[in-house]
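Colleague: Before I ask anything, let me first share the structure, which is written out below as structure tokens.
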Amino acid sequence: MTASDHFGLKPENVEEYPRPPRLEPVREKLRIEFAGSVVAETTRGLRAIETFHAPTYYFPKDDILSDLRPAAGRTFCEWKGVAQYFDVIVGDHVAEAAAWTYDKPSLSFKPLAGYLSFYAGKMGACYVGNVRVIPQPGDFYGGWVTPNLEGRIKGAPGTRHW
């Protein structure tokens, strides 16, 4: 396959991503749509890549264009720390616990402070450049799957603990 087969994204094998995960800047523009509106758009995105995971994309809070409301619950990531969740609100439309942030991330993920990520499956559409993503399988991980990704991606039933 050529890069053009992947809509301009270079091929990447998720099985070759690092563990522990790595945070890196995103070259492409990131965009999220929900309820007919653009809720987030940035050219300053970050992504976390980890073995067997689709990348998780993060937006600076300044580039969030919709209302957010704190949601119940928190989770713990052994690499990043404690995540706080938010409902995404556009008019009368609410996507519950659709976004999260690490307000006080671990030292190696300190650049994530002030950034949010979104579950693609709870939004109308998410894009990396001009490529519409599909959600990482399952409801636990928040990765975005693009056509350039190769290898087995965690998240489907039976893959959570490998």
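The values are calculated or read from the model by the stated rules, or taken from the named source; none is laboratory data. Remember, predicted model here, so these are calculated numbers, not experimental data. Glycine also receives a Cβ, built like all others from the backbone with ideal geometry; neighbour counts cover every protein chain displayed.
Colleague: Right, ARG44: without any contact (Cβ under 8 Å) to a residue 24 or more places away in the chain and closer than 18 Å to VAL145 by Cβ or not?
Modeller: no
Colleague: Still on this model: Give me a count of the residues in region 118-152 that are outside any loop (DSSP other than H, G, I, E, B) and among the aromatic types (Phe, Trp, Tyr).
Modeller: Residues in region 118-152 being outside any loop (DSSP other than H, G, I, E, B) and among the aromatic types (Phe, Trp, Tyr): 3 in total.
Colleague: Restricting to region 78-105, what's the tally of residues that are among the small types (Gly, Ala, Ser), at pLDDT 95 or above and closer than 21 Å to ARG22 by Cβ?
Modeller: 1
Colleague: Take the conditions over 20 Å from TYR141 (Cβ atoms), surrounded by fewer than 17 Cβ atoms within 10 Å (Cβ to Cβ) and either of a type outside the set (Gly, Ala, Ser) or in contact with a His (Cβ under 7 Å, 6 or more places away or on another chain) (or both) and apply them to VAL90. Does it pass?
Modeller: Criteria not met by VAL90.
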